[in-house]
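The values are calculated or read from the model by the stated rules, or taken from the named source; none is laboratory data. Source: prediction; values computed, not measured. Note: ideal-geometry Cβ built from the backbone for every residue, glycine included; neighbour counts use all protein chains shown. Side chains are part of the model used for accessible areas, which takes the heavy atoms of the whole protein and leaves out ligands, DNA and RNA. Shrake-Rupley method; radii C 1.70, N 1.55, O 1.52, S 1.80 Å.
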Amino acid sequence: MNNLPISPDNVLPIPAPIGLLEFLIILTFIMHILFVNLTISLSAGAVGLEITGRIKNNSLLDKMAQSCSFHASVHKSIAVVLGVAPLLIISVIYTQYFYSSTILIGKMWLNVIVLLIIAFLLLYVYKFMWGKWQEKKVLHISVGFVAMLILLFIPLIFIVNITSMIYPERWIDVRGFFASLFYYPEIWQRYLHFILASLASGGFYMFLYYSYKSWKGNNLKDYEQTLKLFGAKVAFWVTVLQLVAGFILLFSFKTDVRILFLGEDLLLTTLLVLSIVLTIVLCIFLFLAGYKDSFKSFTVSLAIFVLIVGIMGWMRHEVRESYLSPYLEKYPRTEQLSIQSDDIG
Amino acid sequence: MNFPYVEYTWLGYGTVIAIIAIIHVIISHGVAIGTSVLTVSLEYRAFKTENEKLDELAKTMAKWVLIITTTVGAMTGVGIWFSTTVIQPDSIGALLRIFFWAWVTEWIVFITEVVILIIYYYTWDSWKSPEKKKKHINLGISLSVASWLTMAIITGVLAAKLTPGKWIDTFSFWNAFLNPTYLPSLGFRMFLAMMLAIVVVAFLLRLFVKDLSLREEAFKVFGVWGAISLPMTFILGLWYLWSIPEQAYDMIVWSTGMTENTFKIINGLAFLILIVFLVWLIRSPKTVPIILSLAVFGASIGFIGEFEVVRESIRKPFIIYDYMYANGLLYQNQEKINEEGYLAHSTWIMEKEITEENKVEVGREVFAGQCLSCHTIDGWREKRALGKRLVGWDEEALKTYIPTMHNVRVAMPPFMGTEEELDALVAYLKKEIDEVNGVKEVSQSE
């Protein structure tokens with residue numbers, strides 16, 4: 001572990017207790033990623049439903065698609081602002097790792113800005129032109145499709161960055177985004193896990209949204225009722241797949257980290273088991289949702305969902321900590337102010 | 001060098017940041033703050049005068065505020081941060097630690113702003129009764145306040161880079177935040193934001209709103225805001241100028257790349273156009289000529305661009321005044337690095353010994369660490385492109401010049417490193433200069 005290019009930490013101290021910042025990064029990241037999940041899955045859902053609607057000449061599907069596109073365009077704005085806090089905290093507590101991994105894919109990292117501006121503007125065109133472009137369906141679908149492709153691509157950039165940051169011993173060998181994409185382990189497994197989580201959350205969100213609307217006393221229109229049940233169905237089947245994808249990801253971790261989740265570490269093993277049990281329970285609720293509506297099952301499934309997401313976010317953080325722990329000892333962070341420092345800022 | 005680096009060989013680091021930052025300033029000031037204020041002002045006037053068309057116009061403006069701020073506005077804001085992480089990691093790393101809680105606070109305000117904006121636009125048609133409309137207008141006012149608050153927070157960070165004040169000694173957050181140029185620059189920026197919004201929106205209304213009486217109504221409201229904002233921008237701008245360090249003040253004209261006279265004439269003219277425009281807007285809102293609104297539009301965008309470039313440049317040689325140089329090296333470490341060597345303190349330079357074989361390669365790394373933040377070899381800004389700037393310099397001349405250049409050129413940070421490292425840098429520069437200009441070219445001194 002000698003001669004790794006891990007820089008001394010910034011000489012200015014980390015401005016809060018690290019434990020507090022770790023708690024905040026887990027909390028704020030979960031909030032952020034949920035809205036990201038919704039933005040991606042609802043955009044993809046809108047495009048998918050619109051295309052199917054056109055092929056089948058079914059206006060019900062078109063209306064369902066339109067509802068998805070409306071929600072996607074609202075959630076994308078919230079996703080961006082919510083992302084500021086976790087980005088701020090990761091920059092402050094993992095400066096030595098996150099900055100290097102970011103700069104190693106620096107140009108693609110800056111392309112995120114351009115790509116997202118284009119995708120977001122297209123999402124507005126897609127939403128606001130829905131009615132006006134009824135006669136220009138191909139154009140309309142293309143706009144949504146391009147936005148969707150960009151939104152599906154962006155997570156890869158983030159995944160490469162946060163995977164590369166936990167592998168400092170590999171930094172020297174590879175530079176640039178595309179090279180890294182096929183160089184670091186776990187990337188595609190993480191991507192699969194993430195995309196499935198997005199699709200499940202999107203479906204679950206639509207189920208919750210319209211359940212809530214009907215519980216408030218609104219009579220759901222045909223397309224709303226269909227979308228609600230469709231959402232539950234998507235959430236169910238994708239979550240079943242996710243049980244497999246989760247294990248694929250777990251087995252892509254390096255052995256030292258994987259065994260922590262498989263009995264070596266009591267906390268992590270408990271978290272993993274708990275998350276699997278809860279996921280199965282949620283699946284049962286989602287399955288039943290297709291047959292009977294009850295407000296009780298709505299609140300219980302929401303509560304379980306929140307718990308699962310919380311546990312997932314926590315485990316995700318522990319994975320990073322486990323990977324980085326040997327380095328964190330050897331290359332300590334600046335926790336206190338020393339004005340006469342020996343390091344170069 | 002604490003981190004790896006990327007190269008923007010043609011654009012140069014400064015230009016990459018400037019493109020993102022200037023777009024962001026135009027949108028955050030002109031659209032998020034200025035246009036929000038104008039929108040709710042129009043909505044209020046429409047409510048008072050029961051003018052349906054004016055209300056409709058205000059709604060259209062709100063829609064564009066929503067579209068622009070949540071796409072280009074938000075992403076270029078994050079983009080400044082993304083680009084500084086890639087390009088100026090030491091500096092942004094330090095700033096995040098100094099101003100962490102300010103950023104957390106800004107984040108909360110920022111979320112509030114976006115959520116209010118979404119509600120504000122999407123409830124426009126459903127909150128119609130007089131009671132609800134009043135509530136809606138109040139929502140618009142809170143939107144303006146929230147947008148202003150984000151500026152009030154981030155200005156503390158920006159101003160501290162030029163005038164960190166007592167922070168240099170105390171390392172205290174409040175000393176950094178409430179620094180000597182905080183209030184004047186905040187005041188200057190907020191009225192500048194209003195002026196920018198007025199000219200931009202007026203230009204667009206002049207183009208797209210054909211209904212003369214509707215345009216007149218809107219321009220009347222703009223006129224009132226302009227009559228307050230233009231003098232305030234001027235007065236607070238002077239206060240701001242007087243509070244910046246003398247060395248920085250002296251670099252203002254230089255940093256624009258203009259001669260003193262051109263600078264005065266261009267800025268004087270732009271200000272004059274603004275006054276003429278504003279008087280016209282107030283005296284005869286129906287007849288504002290399109291050419292005048294175009295001129296004033298151009299002048300304002302130019303002015304904002306100039307302001308950003310100047311603000312970024314006059315800090316030189318520092319990026320955080322009296323603390324960190326533009327290349328990320330700390331002021332306090334100069335002697336130590338000269339003694340122990342730059343390589344010894346560079347995590348990302350793998351060669352720790354200089355040999356004849358690796359000399360040019362090491363020189364390249366030294367160049368990347370100490371020069372690349374402002375210079376290129378062959379970029380579009382000729383003054384910054386060393387391949388062009390240094391035509392005719394031989395190795396001896398470079399070797400004598402580099403260690404003393406900061407005495408002659410006030411914008412340059414001092415070279416830090418040992419004599420061998422200087423040799424390596426010179427060898428690399430010489431090779432690049434020759435390559436850019438064709439090796440056979442006969443040397444000619446500048």
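Just one of the listed residues (B:Met190, B:Met195) is over 16 Å from the mean Cα position of the chain (by Cα), under 29 Å from B:Gly298 (Cα atoms) and in contact (Cβ under 8 Å) with a residue 40 or more places away in the chain, namely B:Met195.
Of the helices (runs of 4 or more DSSP H) contained entirely in segment B:242-357, not one carries at least 3 residues that are over 27 Å from B:Val408 (Cα atoms) and within 14 Å of chain A (Cβ to nearest Cβ).
Of everything listed in (1) open to solvent by 10 Å² or more (accessible area, probe 1.4 Å); (2) at the interface with chain B (Cβ under 7 Å from one of its Cβ atoms), the single unmet condition for A:Gly83 is (2). Scoring B:Ile68 on the criteria (1) crowded, with 22+ Cβ neighbours inside 10 Å; (2) among the hydrophobic types (A, V, I, L, M, F, W, C); (3) under 19 Å from the mean Cα position of the chain (by Cα) leaves a single failure, condition (1).
Take A:Tyr210 and decide whether it is touching a residue at least 24 places away in the same chain (Cβ under 8 Å), more than 20 Å from A:Tyr191 (Cα to Cα) and surrounded by 15 or more Cβ atoms within 10 Å (Cβ to Cβ). When the stated conditions are applied, A:Tyr210 does not pass them.
Residue-level check: of (1) open to solvent by 10 Å² or more (accessible area, probe 1.4 Å); (2) among the acidic types (Asp, Glu); (3) more than 13 Å from chain A (Cβ to nearest Cβ), B:Glu106 misses just (3).
Inclusion of A:Leu122 among residues that are within 28 Å of B:Thr60 (Cβ to Cβ), within 11 Å of chain B (Cβ to nearest Cβ) and out of contact with any Lys or Arg (no Cβ under 7 Å at 6 or more places or on another chain) is warranted. Kindly establish whether A:Ile33 is away from chain B (no Cβ under 14 Å), under 14 Å from the mean Cα position of the chain (by Cα) and at pLDDT 95 or above. Taking the combined requirement at face value, the residue satisfies it. Just to be sure before I move on: is B:Ile33 within 14 Å of chain A (Cβ to nearest Cβ) and among the hydrophobic types (A, V, I, L, M, F, W, C) in the structure I sent? No; evaluated as a whole, the condition is false for this residue. State whether one or more residues within segment B:359-379 are away from chain A (no Cβ under 14 Å) and more than 22 Å from B:Asp423 (Cα to Cα). Looking for residues that are away from chain A (no Cβ under 14 Å) and more than 22 Å from B:Asp423 (Cα to Cα), one finds at least one in segment B:359-379, hence yes. B:Ile19 versus (1) within 14 Å of chain A (Cβ to nearest Cβ); (2) crowded, with 18+ Cβ neighbours inside 10 Å: which is the lone unmet condition? Of everything listed in (1) within 14 Å of chain A (Cβ to nearest Cβ); (2) crowded, with 18+ Cβ neighbours inside 10 Å, B:Ile19 misses just condition (2). When each of A:Ser73, A:Ser101, A:Ser69 is tested for being small (Gly, Ala, Ser), open to solvent by less than 10 Å² (accessible area, probe 1.4 Å) and facing chain B (nearest Cβ under 9 Å), the lone residue that passes is A:Ser73. A single entry from A:Leu149, A:Leu196, A:Leu192 fulfils the requirement of being closer than 27 Å to A:Phe247 by Cα, surrounded by 20 or more Cβ atoms within 10 Å (Cβ to Cβ) and within 19 Å of the chain's Cα centre (by Cα): A:Leu196. Does A:Leu38 count as buried (at least 23 other Cβ atoms within 10 Å of the Cβ) and at pLDDT 95 or above? For A:Leu38, the condition - buried (at least 23 other Cβ atoms within 10 Å of the Cβ) and at pLDDT 95 or above - is met. In segment A:303-325, the residues that are acidic (Asp, Glu) form Cβ pairs under 7 Å with partners that are crowded, with 18+ Cβ neighbours inside 10 Å and at pLDDT 95 or above, at six or more places apart or across chains, as follows: A:Glu318/A:Leu268. If you go through segment B:109-146 and keep only what is among the acidic types (Asp, Glu) and at the interface with chain A (Cβ under 10 Å from one of its Cβ atoms), you end up with just B:Glu113. Taken residue by residue, segment B:383-404 has at least one member that is among the acidic types (Asp, Glu), open to solvent by 20 Å² or more (accessible area, probe 1.4 Å) and in a loop (DSSP other than H, G, I, E, B).
Candidates B:Ile22, B:Ile33, B:Ile17, B:Ile26: the one that is assigned to a helix (DSSP H, G or I), within 21 Å of B:Tyr325 (Cα to Cα) and not small (Gly, Ala, Ser) is B:Ile17.
Filter segment B:164-189 down to the residues that are surrounded by 23 or more Cβ atoms within 10 Å (Cβ to Cβ), more than 14 Å from chain A (Cβ to nearest Cβ) and in a helix (DSSP H, G or I) and list them by number. Result: B:Ser185, B:Phe188, B:Arg189. Against the definition (more than 9 Å from chain B (Cβ to nearest Cβ), within 22 Å of B:Gly79 (Cβ to Cβ), at pLDDT 95 or above and open to solvent by 10 Å² or more (accessible area, probe 1.4 Å)), how does A:Leu110 come out, yes or no? Spelling it out, it is not the case that A:Leu110 is more than 9 Å from chain B (Cβ to nearest Cβ), within 22 Å of B:Gly79 (Cβ to Cβ), at pLDDT 95 or above and open to solvent by 10 Å² or more (accessible area, probe 1.4 Å).
Within segment B:115-122, identify whether any single residue is within 22 Å of the chain's Cα centre (by Cα) and crowded, with 21+ Cβ neighbours inside 10 Å, and answer yes or no. Checked segment B:115-122: no residue is within 22 Å of the chain's Cα centre (by Cα) and crowded, with 21+ Cβ neighbours inside 10 Å. Checking B:Thr9 against (1) open to solvent by less than 20 Å² (accessible area, probe 1.4 Å); (2) in contact with an Asp or Glu (Cβ under 7 Å, 6 or more places away or on another chain): exactly one of these is not met. Which one? If we test B:Thr9 against (1) open to solvent by less than 20 Å² (accessible area, probe 1.4 Å); (2) in contact with an Asp or Glu (Cβ under 7 Å, 6 or more places away or on another chain), just (1) comes out false. Which members of segment B:66-92 meet the condition of being at the interface with chain A (Cβ under 7 Å from one of its Cβ atoms) and among the small types (Gly, Ala, Ser)? Once the filter is applied, which keeps residues that are at the interface with chain A (Cβ under 7 Å from one of its Cβ atoms) and among the small types (Gly, Ala, Ser), segment B:66-92 yields B:Ala74, B:Gly79, B:Ser83.
The single condition from (1) buried (at least 16 other Cβ atoms within 10 Å of the Cβ); (2) more than 25 Å from B:Ser255 (Cα to Cα); (3) hydroxyl-bearing (Ser, Thr, Tyr) that B:Ser373 fails is (2).
Considering B:Arg384, B:Arg315, the condition of being touching a His at 6+ places or on another chain (Cβ under 7 Å), in contact (Cβ under 8 Å) with a residue 12 or more places away in the chain and charged (D, E, K, R) is satisfied by B:Arg384 alone.
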